[in-house]
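Below is one structure, written out as structure tokens, with a few remarks after it.
The values are calculated or read from the model by the stated rules, or taken from the named source; none is laboratory data. None of these values were measured; they are calculated from a predicted model. A quick note on method: Cβ atoms are made from the backbone with ideal geometry, for glycine too, and the neighbour counts reach across all protein chains shown.
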């Protein structure tokens, strides 16, 4: 599947209406993907997709991403077993961001730390200093045993 690339249009109504899906990838060839649980709406993660990852996601119904740190395509759950089955894909008004609603298999965890969501910490500011507090320390799997396989 080929995903057509669409730079910003002078006529925004082309992007804002129904019709062609023409996502707008950034200068690095990536689009931001916001991922939530299809059941309860919890924010699970934010990732990036290149055109290949988006095409594979559309073709297979399983979420694929592009890892900026590893510089490679990444099928979510390939190592951990926590595959993300896509139930719905939305795009924003400019078609420069994707929202995936997913069902998570395996341990029902998305984060590589073993937690359900990558957003397990809160940021607080006290006396002009920002600090992090873990607000969800429930581990659904042991990352060391899962990611040390092969």
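Miscellaneous remarks
- Here is the figure for segment 96-147: residues that are in contact with a helix residue (DSSP H, G or I) (Cβ under 6 Å, 6 or more places away or on another chain) and either under 16 Å from residue 40 (Cβ atoms) or in a strand (DSSP E or B) (or both) total 0.
- Contact map, segment 1-28: first residue under 15 Å from residue 98 (Cα atoms), second residue modelled with pLDDT of 70 or more and outside any loop (DSSP other than H, G, I, E, B), Cβ cut-off under 6 Å, separation 6 or more or different chains; pairs are 3/51; 3/54; 3/55; 23/31; 25/31.
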